[in-house]
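Here the structure comes first, spelled out in structure tokens, and everything after it is commentary.
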Amino acid sequence: MDLQNIRFEKEGAVATITIDRPKALNALNYDTLQELLYCFRQLARDRETGVVIITGGGEKSFVAGADISHMVNLEGLEGTEFARLGHEAMAAVESAPQPVIAAVNGFALGGGCELAISCDIRVASENAKFGQPEVNLGVIPGFGGTQRLPRLVGKGLACELLFTGDMIDAAEALRIGLVNKVVPQAELMDVCREMAKKITSKGPVAIRLCKETVNNGSQMDLGRANHYEAIQFGQCFASADQKEGMQAFLEKRKAEFTGK
Ligand code: DAK
């Protein structure tokens, strides 16, 4: 696929996806969502990439939402189709075999906030702003915001954001647990790359199983989830990474993982 709205770059085991429509503050139109989905379909089969970073093009915005100029004239079923595509793209991010870090470099509104919360980890720059302003437009969030946001920050805080449409700054997002950390804008990508590098230095099999276990387990009750964790833990012992990791510890050397 010829990518027009997204930059997809790889450096070693780290892939960076930049939503790159800065003139529209990186708003997600139909084509951009298709391209995002395409990238994550490639990544689902990509064993070389250990971590993905998603960020926004330009200085001002991560993603300012679904593209209002695209949505304004949608009729009933087209709206459903658009929401389905958005859901599919967010689910592809969430279920990617690699950990995904959102480098939130500005506005993360509506579909942009939903994209950030589909990622595993969020690092925000000091100028970042978050919100679900859909009610200002007469709609509700359409890419999973009513579901993922309460699970992340709790129902009360999520409802306040969803019902008021208010924007919050990065410091408030940190306080309510919407982001993992806040850093100066100039340091954002370096901090995310350092975090990505640290993750890629660990056992790749363990990282993949860990993400899968957190995501699938969060849909289960605690008893089933712990049972599932035990099965996933057992899977690690079928890997060369487990043998190498434990052997290296006993031999007091650094593990050399192969991801097998
Ligand atoms: N869509 C399209 N264009 C956008 C945009 C967006 N979400 N956000 C900004 N832009 C465009 C502006 O129109 C402007 O374009 P030009 O006029 O230059 O051509 C350019 O980006 C720069 O924006 P501003 O001039 O407004 O910049 P400011 O710094 O003054 O303000 C702002 C920045 C982020 C506060 C403001 O642009 C703003 O409020 N933007 C809208 C934010 C927003 O409401 N986001 C949520 C979008 S709704 C569903 C499916 C999906 C969804 C819901 C339902 N179903 C089908 C059920 C999802 C909905 C959303 O995400």
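Report, in debye and to the nearest 20, how large the dipole of the chain comes out about its Cα centre when Lys and Arg carry +1 and Asp and Glu carry -1 on their Cβ. Spell out each step's value before the answer.
Numbers: 28 positive and 33 negative charges, 194 e Å.
Charge dipole, the chain, about its Cα centre: 920 debye, nearest 20.
For Val51, enumerate residues with amide H under 5 Å from its amide H, sequence gap 5+ or separate chain, H modeled in the peptide plane.
Answer set, sorted by chain and number: Ala15.
Fewest to most neighbouring Cβ within 10 Å: what's the order for Cys192, Cys119, Cys210?
Ordered from fewest to most neighbouring Cβ atoms within 10 Å, Cys192, Cys119, Cys210 come out as Cys210, Cys119, Cys192.
Between their Cα atoms, which of Lys23/Lys197; Lys10/Lys243; Lys129/Lys202; Lys10/Lys252; Lys10/Lys155; Lys211/Lys260 are more than 27 Å away from each other?
On the way: Lys23/Lys197 31 Å; Lys10/Lys243 29 Å; Lys129/Lys202 32 Å; Lys10/Lys252 32 Å; Lys10/Lys155 37 Å; Lys211/Lys260 17 Å.
Cα-Cα > 27 Å for Lys23/Lys197; Lys10/Lys243; Lys129/Lys202; Lys10/Lys252; Lys10/Lys155; rest within.
Semi-axes of the equivalent ellipsoid of segment 117-221: what are they in whole Å, largest first, if each equals the square root of 5 times a C-alpha gyration tensor eigenvalue? Show your work: numbers first, answer last.
Working: eigenvalues 143, 82, 21 Å².
Semi-axes from the Cα gyration tensor: 27, 20, 10 Å.
Label-point separation (nm) for Ser69 and Asn136, each offset 7 Å from Cα along Cα-to-Cβ?
About 1.8 nm separates the two model spin labels.
Can you tell me what the convex hull of the Cα atoms of segment 1-90 projects to on average, as an area in nm²? Display every interim value, and only then the final one.
Details: hull surface 24.5 nm².
With the hull built on Cα positions only, its mean projection is 6.1 nm².
Pop out the ³J(HN,Hα) list for segment 85-96 in order, Karplus 6.51 cos²θ - 1.76 cosθ + 1.60 with θ = phi - 60°, rounded to Hz; leave Gly and Pro as x.
Per-residue couplings from phi come out as 4, x, 4, 4, 5, 5, 5, 5, 5, 4, 9, 4 Hz.
Once the dipole of the chain is set up with Lys and Arg at +1 and Asp and Glu at -1 on Cβ about the Cα centre, which of Ala196, His227, Ala158 lies farthest towards its positive end?
His227
Between Phe249 and Arg45, what is the label-point separation in nm under the 7 Å Cα-to-beta-carbon projection?
If labels sit at Arg45 and Phe249, their model points lie 3.6 nm apart.
What is the order of Thr55, Thr18, fewest Cβ neighbours within 10 Å to most?
Numbers: Thr55 24, Thr18 19.
Lowest count first: Thr18, Thr55.
Give the order of Lys60, Lys243, Lys252 when sorted by the count of other beta carbons within 10 angstrom, beginning with the fewest. Each step should come with its number before you reach the end.
Values: Lys60 15, Lys243 12, Lys252 6.
Listed from fewest to most nearby Cβ atoms, that is Lys252, Lys243, Lys60.
For n ≥ 4 DSSP H runs only, could you compute -39500 (n - 2.57) per run for the chain, divide by its residues and tell me the 222 nm figure to the nearest 500?
On the way: 11 runs with 124 residues, N = 260.
When only DSSP H runs of four or more count, the value is -14500 deg cm²/dmol.
Running a GNM on the chain with Cα contacts under 10 Å, which residue among Asn105, Asn26, Asn136 ends up with the highest mean-square fluctuation?
Residue with maximal mean-square fluctuation among Asn105, Asn26, Asn136: Asn136.
Could you tell me how many cubic angstrom of Cα convex hull volume the chain has per residue?
Values: hull volume 36.6 nm³, N = 260.
It is 141 Å³ per residue.
Order these peptides, 39-50, 73-84, by their mean beta-carbon neighbour count within 10 angstrom, highest first.
Working: 39-50: 16.2, 73-84: 12.1.
Output ranking for 39-50, 73-84: 39-50, 73-84.
When the Kirkwood hydrodynamic radius is evaluated over all pairs of different C-alpha atoms of segment 41-153, what value in angstrom, to one decimal, is obtained? Show your work: numbers first, answer last.
On the way: mean 1/r = 0.0685 Å⁻¹.
For segment 41-153, the Kirkwood estimate is 14.6 Å.
How charged is the neighbourhood of Gln185? Take every other residue with its Cβ under 9 Å from the Cβ of Gln185, and add Lys/Arg as +1 and Asp/Glu as -1.
Result for the neighbourhood of Gln185: -3.
Rounded to the nearest 0.05, what FRET efficiency do Ile231 and Arg84 have when you use their Cβ-Cβ distance and R0 = 25 Å? Show your work: numbers first, answer last.
Working: r = 32 Å, r/R0 = 1.27.
Efficiency computed from Cβ-Cβ geometry: 0.20.
Compare the Cα positions of Thr258, Ile19, Ser69 along the charge dipole of the chain (+1 at Cβ of Lys, Arg; -1 at Cβ of Asp, Glu; about the Cα centre) and return the one farthest towards the positive end.
Thr258
What is the helix-to-structure angle for 204-217, meaning the angle in degrees between its Cα long axis and the longest Cα principal axis of the chain, kept from 0 to 90 and rounded to the nearest 10?
Roughly 50 degrees between the two axes.
Looking only at Gly110, Gly138, Gly65, which one moves most when the chain is put into a Gaussian network model with springs between Cα atoms under 10 Å?
Residue with maximal mean-square fluctuation among Gly110, Gly138, Gly65: Gly138.
With θ set to phi - 60° and the Karplus curve 6.51 cos²θ - 1.76 cosθ + 1.60, what are the ³J(HN,Hα) couplings of segment 48-63 in order, to the nearest whole Hz, using x for Gly and Pro?
Values, residue by residue: 7, 8, x, 8, 10, 10, 10, 9, x, x, x, 9, 9, 9, 6, 8 Hz.
The numbers here are math on the coordinates, done by the rules we state, and not lab data. The structure presented is a predicted model; accordingly, all values stated were derived computationally and were not measured. With ideal geometry, Cβ positions are generated from the backbone for all residues, glycine too; neighbour counts draw on all protein chains shown.
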